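Let me begin by presenting the structure, written as structure tokens, before commenting on it.
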Amino acid sequence: MSFAAGNFDNEPSANNIHMFQFEFTRHLYLLTALPAGGLLLWAYVRWRPKAMRQLGDPVLLNRLLPVFSNGRFWVKNALFAVGMALLAISWANPQRGAKQQKATQESADVFIALDISQSMLARDIAPSRLEYAQVFSKKLVQALEGERIGLIFFAGDAFLQMPLSTDYNFLIQSLQNAEPNLISEQGTAIPAAIELAMKSYGDEPGGGRALILITDGENHDDDAVEQAEAAYEDGIIVNTVGAGTTDGGPIPTGGSEFSEYKRDENGEVVRTRLNQQLLVDVARAGGGQTFNIKQSDEAIRALKRMVDGLEKREVTVRSYTEFESYFQWFLLPALLLLLLDTWIPFYRKK
């Protein structure tokens, strides 16, 4: 199923929205060869008469050689160019959302808050805490399909990457693009992430609410537990997923091979460690559970059970259930034009 990209509203509009796309957009780059081909043909037409004059007497050559037709030359190449253009479009497979479906579903509201601070680049779990968390989050989204899911990124501050929505494709794409440079202020501001989630659920009555924090727990603020308690009093279940190990590891600062590491003012390599106790305290204060990201499938199943147990409320969603391909409308004319091109000779009878 492919959902309408960017649809964050609960209520669908009255107008139908038709979605158009090319399935394989990279094949459209073939169209850029057509202008270059046109220039080469123009250069050939300018060059040919000069080359013929250098071969010998034009009258004698006219008797010996077939008569070259400029008109047929351009017609043939025009047919070939249009045929190749249609073939490239056909190869890219134009598609249109053929069926729009409006439906209601029972769902809870879940925010995933992902830590994208520099400490998440540590490689105490391979390939890195952040990359492992991205894979974990993607699996979690797939497990929670049917719920409204939002996404928060946080480091020294927090920002709303995606409001509550059923647009899972866009959500997964956002997770794949997560990196520390999205937030200039570094740190791990867990309270800011919880507070932002509390403000982002909206005022609609009913429906269970959950927040899933994925972080190494290196909190630089003192009120993470208090903020989790406030969220729980507001009806939000706060769960934590620890990314990292208690042994920890250095923080890469640059280079694809991570050969440079963050150092303190004394020149010593900074070592980041999972603050497991903080995550336990935050989850306990928020009425939820805490997991380690390396529990992976087990943690995802437990989180799904938790969300399944939340109160559901009815929401209206709009989705495209299928795409219809239209490549054949371009393929058949392309083949006919290319076949016609082979039938037309460059030369005419004398």
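The values are calculated or read from the model by the stated rules, or taken from the named source; none is laboratory data. Only a predicted model underlies this, so the values are computations on that prediction, with no experimental measurement involved. Glycine gets a Cβ as well: all are built from the backbone with ideal geometry, and neighbour counts include every protein chain shown.
Check the stretch 132-154 and report whether any residue there is touching a His at 6+ places or on another chain (Cβ under 8 Å), of a type in the set (G, A, S) and either in contact (Cβ under 8 Å) with a residue 60 or more places away in the chain or under 17 Å from T215 (Cα atoms) (or both). Within the stretch 132-154 (the criterion being touching a His at 6+ places or on another chain (Cβ under 8 Å), of a type in the set (G, A, S) and either in contact (Cβ under 8 Å) with a residue 60 or more places away in the chain or under 17 Å from T215 (Cα atoms) (or both)), the answer is no, since none of the residues qualifies. Of the set (1) crowded, with 18+ Cβ neighbours inside 10 Å; (2) assigned to a loop (DSSP other than H, G, I, E, B), all apply to P127 but (1). Can you name the condition, by its number, that K199 falls short on among (1) more than 25 Å from the chain's Cα centre (by Cα); (2) in a loop (DSSP other than H, G, I, E, B); (3) over 20 Å from V307 (Cβ atoms)? Checking K199 against (1) more than 25 Å from the chain's Cα centre (by Cα); (2) in a loop (DSSP other than H, G, I, E, B); (3) over 20 Å from V307 (Cβ atoms), the one that fails is (2).
The requirement of being outside any strand (DSSP E or B), at positive phi and modelled with pLDDT under 85 is fulfilled somewhere in the stretch 52-69, by at least one residue. Considering the conditions (1) farther than 30 Å from I237 by Cβ; (2) in contact with a strand residue (DSSP E or B) (Cβ under 9 Å, 6 or more places away or on another chain); (3) buried (at least 21 other Cβ atoms within 10 Å of the Cβ), S69 is excluded by exactly one of them, (3). Within the set A88, A81, the sole residue that is modelled with pLDDT of 90 or more, surrounded by 13 or more Cβ atoms within 10 Å (Cβ to Cβ), of a type in the set (G, A, S) and touching a Gly at 6+ places or on another chain (Cβ under 9 Å) turns out to be A81. Restricted to strands (runs of 3 or more DSSP E) entirely inside the stretch 231-303, those with at least 1 residues that are surrounded by fewer than 22 Cβ atoms within 10 Å (Cβ to Cβ) are 252-254, 287-292. Within this structure, Y44 fails the test of being hydroxyl-bearing (S, T, Y), part of a helix (DSSP H, G or I) and modelled with pLDDT of 85 or more. Select, from E106, E147, the only residue that is buried (at least 19 other Cβ atoms within 10 Å of the Cβ) and among the acidic types (D, E). Every option except E147 fails the conditions.
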